[in-house]
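The structure under discussion appears below in the form of structure tokens.
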Amino acid sequence: MPGLTFASQRLPGVTVISVAGEVDATNAGLFDAYLRKSRHLPGEHVVIDLSEMGFLGSAGLRVLLNTHAYARQHGGSLHLGAPHPVLARILETTQAQSVLRVHPTVEQAVVAALREAQASMPGTTEKALPVASGMELQQLP
């Protein structure tokens, strides 16, 4: 089984996490531990870049659902971006996309998370969003 690699990038109010490899019962604990370690606050808005994740087993799906539930309980959110076609099919077959917020691109996921982050910050307005949505994201290593 190919190795599992992670990278993260912090934006104002949003953490973007890239995952490459396959997540199954043998390494879902590593996936969960990295997601927990990457969050600095329970209510953070998190985006997971799935473009390089080739497989997601039931244990990995459970990690995503638990991460989503934890974020919601604490006022945050979880957004999934750019799922690999195999992964998109898994999310569709399991109907997980009816619970999880899945976006066609990482940039769309980040924009959605930024909107939620801005809405939860006192004194912010929608005027700040076009600056954030115009940003370009580089592929995380």
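The values are calculated or read from the model by the stated rules, or taken from the named source; none is laboratory data. Bear in mind the structure is a predicted one, so any value in this text is a computation, not a measurement. Virtual Cβ from ideal backbone geometry, glycine too; neighbours counted across all protein chains shown. Side chains included, ligands, DNA and RNA excluded: accessible areas come from the protein's heavy atoms. Shrake-Rupley method; radii C 1.70, N 1.55, O 1.52, S 1.80 Å.
Calculate the translational D of the stretch 40-101 in whole µm² s⁻¹ from Stokes-Einstein, where the hydrodynamic radius comes from the Kirkwood formula applied to all Cα pairs, the temperature is 20 °C and the viscosity 1.002 mPa s.
182 µm²/s
Which order do Arg39, Arg62 take by accessible area at a 1.4 Å probe, largest first?
Details: Arg39 40, Arg62 135 Å².
The ordering from most to least exposed comes out as Arg62, Arg39.
Over the residues of the stretch 1-113, compute the C-alpha Rg and express it relative to 2.2 N^0.38 Å. Please report the intermediate quantities before stating the final value.
Working: Rg = 12.5 Å, N = 113, 2.2 N^0.38 = 13.3 Å.
Ratio of Cα Rg to 2.2 N^0.38 Å: 0.94.
Calculate I(q)/I(0) for the stretch 2-47 by the Debye formula, one identical point scatterer on each C-alpha and no solvent, and give its log10 at q = 0.14, 0.16 Å⁻¹ to two decimals.
With one equal scatterer per Cα and no solvent, log10 I(q)/I(0) is -0.34, -0.43.
Evaluate E = 1/(1 + (r/R0)^6) for Ala119 and Ala59, where r is the Cβ-Cβ distance and R0 equals 30 Å; express this FRET efficiency to the nearest 0.05. Before the final figure, lay out the partial values.
On the way: r = 33 Å, r/R0 = 1.09.
Once rounded, the FRET efficiency stands at 0.35.
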